[in-house]
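Participant: Questions regarding the structure given below will be posed in turn.
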Amino acid sequence: MFLKKIKDKYNKNYISKLLNKQGLSVSNKKISLVGVVVNFNEFKTIDALKEHLEQSGWDTRFLIYNTKGSTLDINSWYSTYNDNDIGWAGKSTNEDVNEFLNIQFDAVIGYFKTNEVCLNMIIAHSKTDLKIGLSDTNSRLFNLSIDLNPEQLDVFKIELNKYLKGLEKM
């Protein structure tokens, strides 16, 4: 338990360093490939979110975070990870996490509200210019934050489309 607290503190500092290095520029490229990081403990209707994003004409890749010990009741085609898969400085032992982090996305959506180190690490490490999130706990993590609860999927759809049209990303 003590070692986990030290690792979390180290990883929080590492995330801060990563965010300090990242630039603020966002490309003018239209979105076609979207990575989505979801906290399964907060939001369980992942298929509805996937359907909406694909209706927008985007190819999606999902990475589902699940706390150790809870059971997942999701389709097997989603990649999953938990606390044990993220080590020091964001090094991962999970092949799905490593594959997700090696993809150059047009946008990454952090569909979670909690301030978890394992969720923030994936967003901070993501290869993308545009990071969209629900969480307002770490304002430096996302380029665009939409302040609502994960259960408000219909509101998220409307707000996301509105902002991305304004940024000429759709």
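The numbers here are math on the coordinates, done by the rules we state, and not lab data. The shown structure was predicted, so the numbers you read here are calculated from the model rather than taken from an experiment. Backbone-built Cβ (ideal geometry, glycine too); neighbour counts: all protein chains shown.
Participant: Set the Förster distance to 41 Å, then compute FRET efficiency between Ser16 and Asn41 from the Cβ-Cβ distance, nearest 0.05.
Facilitator: Efficiency computed from Cβ-Cβ geometry: 0.95.
Participant: Sort 107-117, 91-101, 57-67 by the packing proxy (mean of other Cβ within 10 Å over each peptide's residues), most packed first.
Facilitator: Descending mean neighbour count gives 107-117, 57-67, 91-101.
Participant: How long are the three semi-axes of the equivalent ellipsoid of the stretch 84-143, in whole Å, if each is the root of 5 times an eigenvalue of the C-alpha gyration tensor, listed from largest down?
Facilitator: Value: 18, 15, 8 Å, ordered largest first.
Participant: Within the stretch 127-164, name every residue whose backbone N is under 15 Å away from a label modeled 7 Å from Cα of Asp8 along the Cβ vector.
Facilitator: Within reach of a label on Asp8: no residues.
Participant: Taking 0.36 nm per residue of separation and subtracting the Cα-Cα distance, what length does fully extending Lys162 through Glu51 add?
Facilitator: Between Lys162 and Glu51, full extension yields an extra 38.2 nm.
Participant: Moving on. Mind pulling up the Rg/Rh value for the stretch 30-170? Radius of gyration and Kirkwood radius, both on Cα.
Facilitator: Answer for the stretch 30-170: 0.92.
Participant: Could you list which residues have their amide H under 5 Å from that of Leu130, counting only those 5 or more apart in sequence or on another chain, with H placed in the peptide plane?
Facilitator: The answer is Val108.
Participant: Could you work out the local net charge near Leu63, counting Lys and Arg as +1, Asp and Glu as -1, over the other residues with Cβ closer than 10 Å to its Cβ?
Facilitator: That sum, taken over residues with Cβ under 10 Å, equals -1.
Participant: Please compute one quarter of the surface area of the Cα convex hull for the stretch 116-170 and express it in square nanometres.
Facilitator: The number I arrive at for the stretch 116-170 is 4.1 nm².
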